[in-house]
């Protein structure tokens, strides 16, 4: 099985979320991304903000390095909307002294908007994934401090809240 290394930094950080999309996904650990911040500046089809990396010298973001079956990449591409808001970009990260070259999905310039806000369920998924993976408390607090909005689509909101409960991110 060819292995794909994937860098998750938003709603896919939680293993249960990513395994819904790519069943073989295995978290290898948390990695540091110097000179990066995570912002909800990717315009989604539903009008809300989704996570993307932004270069910002002097800052530090975190992500989760995953190993997965490379044959599942089309599933992830589809779930992330490759070519419809996100592009794939290679990264270089180090974990336990080993250097990896994972892919990550980053916003296309056509979908970049810093005025966007995430839905509250999406933010809870990001924060819950960071907490589940044991990221530093100050980083979790930074993610949690983002101003979120209520999803007015009641069916989607309840479906996502049910997912959050299954993930242990919502009581």
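The values are calculated or read from the model by the stated rules, or taken from the named source; none is laboratory data. Bear in mind the structure is a predicted one, so any value in this text is a computation, not a measurement. Note that each Cβ is placed from the backbone with ideal geometry, even for glycine, and that neighbours are counted across all protein chains shown.
Just a yes or no: is a residue in segment 128-141 crowded, with 19+ Cβ neighbours inside 10 Å, without any contact (Cβ under 8 Å) to a residue 40 or more places away in the chain, assigned to a loop (DSSP other than H, G, I, E, B) and in contact with a helix residue (DSSP H, G or I) (Cβ under 7 Å, 6 or more places away or on another chain)? No - not one qualifying residue is present in segment 128-141. For the residues 104, 67, the requirement of being under 12 Å from the mean Cα position of the chain (by Cα) and farther than 30 Å from residue 154 by Cβ singles out 104. Only one of the listed residues (112, 91) is buried (at least 20 other Cβ atoms within 10 Å of the Cβ) and more than 22 Å from residue 20 (Cβ to Cβ). That residue is 91. Condition first: surrounded by 15 or more Cβ atoms within 10 Å (Cβ to Cβ) and over 15 Å from the mean Cα position of the chain (by Cα). Now tell me which residues in segment 45-59 satisfy that. Passing the criteria: none in range.
Would you confirm, using the coordinates I've provided, whether residue 81 is surrounded by 15 or more Cβ atoms within 10 Å (Cβ to Cβ) and at pLDDT below 95? Spell out the reasoning first.
On the way: surrounded by 15 or more Cβ atoms within 10 Å (Cβ to Cβ): yes; at pLDDT below 95: yes.
In short, yes.
Can you name the condition, by its number, that residue 23 falls short on among (1) over 15 Å from residue 81 (Cα atoms); (2) touching a strand residue (DSSP E or B) at 6+ places or on another chain (Cβ under 8 Å)? If we test residue 23 against (1) over 15 Å from residue 81 (Cα atoms); (2) touching a strand residue (DSSP E or B) at 6+ places or on another chain (Cβ under 8 Å), just (2) comes out false.
Taking segment 143-171 as the range and being closer than 19 Å to residue 41 by Cα and within 15 Å of the chain's Cα centre (by Cα) as the test, the residues that pass are 143, 144, 146.
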